[in-house]
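The values are calculated or read from the model by the stated rules, or taken from the named source; none is laboratory data. Bear in mind the structure is a predicted one, so any value in this text is a computation, not a measurement. A quick note on method: Cβ atoms are made from the backbone with ideal geometry, for glycine too, and the neighbour counts reach across all protein chains shown.
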Amino acid sequence: MAPLSELERAYDKLSRKRSFRKRLESLLRDFAGRPTPLYLAERLSDHFGGAKIYLKREDLLHTGAHKINNALGQVLLASEMGKRRIIAETGAGQHGVATASAAALFGIECVVYMGEKDMRRQRVNVERMGLLGAEVVAVDAGARTLKDAINEALRDWVTNVRTTHYVLGSVLGPDPYPRMVRDFHRVIGLEAKKQLKKQAKRDWPDLAIACVGGGSNAIGLFSAFLSDSRVRLIGVEAGGTGAALGEHAARFSGGSVGVLHGTKTLLLQDGDGQVAATHSVSAGLDYPAVGPEHVALRDRGRTEYTSATDAEAVAAFHLLSRIEGILPALESAHALAEVAKHAPRLSKDKIVLVNLSGRGDKDVESVMEYDQNDQGGE
Ligand SMILES: *Cc1c(COP(=O)(O)O)cnc(C)c1O
């Protein structure tokens, strides 16, 4: 509890300070590339023949995804707290790369925990972190993936808390992480709202859609529209290859209440409470628990959650690439797959806002592999 209380006090104090907010704003602008454009995807809209589809272009940010918003916020916080060492966990490597970049910018030592299996699957990101001066520690325990990397990061943190800040990568973990990470991503929705007002002449969409791994890019988008009941909010989880436990990461349809990594939330687990294996074609959605605020919002009836299968996400990846000239991250492709289910049925005066959380360069190999295996039939 001691490190959490220290972090909570520091965050609550610093996040209200004008100098902190100004410094973060300038880093987001000049280092990360904010504001990101809001792009009216005309050819995609025409393709479905219904609603106007706007893409929030988080894929254009430095390091290729929304994750840099949170990494910069937390590393700035750590430096203000006088911490000399940063640790992080990473699954696909995107959060590790974002954190390593921010740590390099501040001249702070950085250690990234990564499952040994993920390190083999994501070699390029391991190299990127090394070039940025971070040390990547292979985690050999358990399934040797993200869940196990978080275990190790938490252990390191409680051992070295005097010198170290743990940069958690999504709206997960114990308080203050879920609300702190959300706050660092609120800029996504706030910008989109302003941009809609200018470009579409009204500052709200009829439908806002985002993919949900831990849920940080989704809550960042949703938070600007939560109090506006005209806006329907849909989160899309990884439907994987099937509905059986172990074949997907759809916590809302397949999970039950449990505790993991300090969060009470919906969790994929077996009858004995053992955390279940998960599967998704996109590494960023492949985690057994979901951010607790999403569950609270769903319980209040404010947000809805659904899932897209691997096949639907890969099809959406190809569609956006061909029709708009944008390779989306496979995570973001899950949100695009949901668009395909709504846009054709909505009239042309309706607006669908989609968070394009990241770019797909990192997924080229996965898509080619998927397509090759798919050619032989199901
Ligand atoms: C990590 C990642 C996600 C999933 O994380 P959330 O916390 O749910 O946003 C989604 N998209 C991209 C591109 C990612 O890198």
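With respect to Gly142, determine if the residue is surrounded by fewer than 21 Cβ atoms within 10 Å (Cβ to Cβ) and in a loop (DSSP other than H, G, I, E, B).
Yes; evaluated as a whole, the condition is true for this residue.
Do we find that Asp156 is of a type in the set (D, E, K, R) and touching a strand residue (DSSP E or B) at 6+ places or on another chain (Cβ under 7 Å) in this structure?
Numbers: of a type in the set (D, E, K, R): yes; touching a strand residue (DSSP E or B) at 6+ places or on another chain (Cβ under 7 Å): yes.
Judged against the criteria, Asp156 is a match.
Kindly provide the set of residues from the stretch 152-184 that are hydroxyl-bearing (Ser, Thr, Tyr) and within 14 Å of the ligand (Cβ to nearest atom), ordered by number.
Scanning the stretch 152-184 gives Ser170, Tyr177.
Go through the stretch 10-28 and count every residue that is more than 25 Å from the chain's Cα centre (by Cα) and not small (Gly, Ala, Ser).
Here the count works out to 3.
Do we have any residue at all in the stretch 268-275 that's charged (D, E, K, R) and either within 22 Å of the chain's Cα centre (by Cα) or within 14 Å of the ligand (Cβ to nearest atom) (or both)?
For the stretch 268-275, residues charged (D, E, K, R) and either within 22 Å of the chain's Cα centre (by Cα) or within 14 Å of the ligand (Cβ to nearest atom) (or both): absent.
Would you check which residues across the stretch 276-291 are at pLDDT 95 or above and away from the ligand (no atom under 16 Å from the Cβ) and list them?
Scanning the stretch 276-291 gives a single hit, Ala276.
Quick one: how many residues across the stretch 218-247 are closer than 14 Å to Tyr305 by Cα and either touching a Cys at 6+ places or on another chain (Cβ under 9 Å) or more than 10 Å from the ligand (Cβ to nearest atom) (or both)?
10
Can you tell me which residue in the stretch 63-120 is nearest to the chain's Cα centre (by Cα), limited to those that are more than 24 Å from Arg29 (Cβ to Cβ) and of a type in the set (Asp, Glu)?
Quick first cut of the stretch 63-120, residues more than 24 Å from Arg29 (Cβ to Cβ) only: 82-85, 87, 89-93, 109, 111-120.
Subsequent filtering for residues that are of a type in the set (Asp, Glu) retains 89, 109, 116, 118.
Working: Glu89: 14, Glu109: 24, Glu116: 21, Asp118: 17 Å.
Of everything passing the filter in the stretch 63-120, Glu89 is nearest to the chain's Cα centre (by Cα).
Taking Ala149 as the residue in question, decide whether it is of a type in the set (A, V, I, L, M), away from the ligand (no atom under 14 Å from the Cβ) and touching a strand residue (DSSP E or B) at 6+ places or on another chain (Cβ under 8 Å).
No; evaluated as a whole, the condition is false for this residue.
Residues of the stretch 297-310 being touching a strand residue (DSSP E or B) at 6+ places or on another chain (Cβ under 9 Å) and of a type in the set (Gly, Ala, Ser), which ones?
Passing the criteria: Ser307, Ala308.
Hey, can you tell me all the residues within the stretch 28-38 that are touching a residue at least 60 places away in the same chain (Cβ under 8 Å) and more than 13 Å from Ile188 (Cα to Cα)?
Hit for the stretch 28-38 is Phe31, nothing else.
Could you run through the stretch 82-105 and say how many residues are touching a Phe, Trp or Tyr at 6+ places or on another chain (Cβ under 9 Å) and modelled with pLDDT of 95 or more?
Selection size over the stretch 82-105: 9.
Give Val126, Val111, Val187 a once-over and let me know the one that is on the phi < 0 side of the Ramachandran plot, away from the ligand (no atom under 16 Å from the Cβ) and modelled with pLDDT of 95 or more. Give the derivation first.
Numbers: Val126 fails: away from the ligand (no atom under 16 Å from the Cβ); Val187 fails: away from the ligand (no atom under 16 Å from the Cβ).
After ruling out the rest, the residue left standing is Val111.
Only one of Glu80, Glu89 is within 25 Å of Val187 (Cβ to Cβ), in contact with a helix residue (DSSP H, G or I) (Cβ under 9 Å, 6 or more places away or on another chain) and buried (at least 24 other Cβ atoms within 10 Å of the Cβ). Can you tell me which? I'd like the intermediate steps shown before the answer.
Working: Glu80 fails: buried (at least 24 other Cβ atoms within 10 Å of the Cβ).
Of Glu80, Glu89, the one residue that is within 25 Å of Val187 (Cβ to Cβ), in contact with a helix residue (DSSP H, G or I) (Cβ under 9 Å, 6 or more places away or on another chain) and buried (at least 24 other Cβ atoms within 10 Å of the Cβ) is Glu89.
List the pairs whose first member sits in the stretch 193-215 and is within 16 Å of the ligand (Cβ to nearest atom), whose second member is acidic (Asp, Glu), and whose Cβ atoms are under 7 Å apart, counting only residues at least 6 apart or on separate chains?
These pairs meet every condition: Ile209/Glu338; Cys211/Glu331; Val212/Glu237; Gly213/Glu331.
Scanning the stretch 14-73 for residues that are more than 15 Å from the ligand (Cβ to nearest atom), among the hydroxyl-bearing types (Ser, Thr, Tyr) and not in a helix (DSSP H, G or I), which turns out surrounded by the most Cβ atoms within 10 Å (Cβ to Cβ)?
Across the stretch 14-73, the extreme among qualifying residues is Tyr54.
One residue is enough: does the stretch 292-304 have a residue meeting the conditions within 12 Å of the ligand (Cβ to nearest atom), in contact (Cβ under 8 Å) with a residue 60 or more places away in the chain and either buried (at least 19 other Cβ atoms within 10 Å of the Cβ) or under 20 Å from the mean Cα position of the chain (by Cα) (or both)?
For the stretch 292-304, residues within 12 Å of the ligand (Cβ to nearest atom), in contact (Cβ under 8 Å) with a residue 60 or more places away in the chain and either buried (at least 19 other Cβ atoms within 10 Å of the Cβ) or under 20 Å from the mean Cα position of the chain (by Cα) (or both): present.
Failed condition for Pro344, given (1) crowded, with 19+ Cβ neighbours inside 10 Å; (2) under 28 Å from Ala224 (Cβ atoms); (3) in contact with a Phe, Trp or Tyr (Cβ under 8 Å, 6 or more places away or on another chain), with all others met?
(1) is the only condition that Pro344 fails.
Could you check the stretch 352-378 and list, in sequence order, the residues that are surrounded by fewer than 20 Cβ atoms within 10 Å (Cβ to Cβ) and away from the ligand (no atom under 16 Å from the Cβ)?
Matches in the stretch 352-378: Met368, Glu369, Tyr370, Asp371, Gln372, Asn373, Asp374, Gln375, Gly376, Gly377, Glu378.
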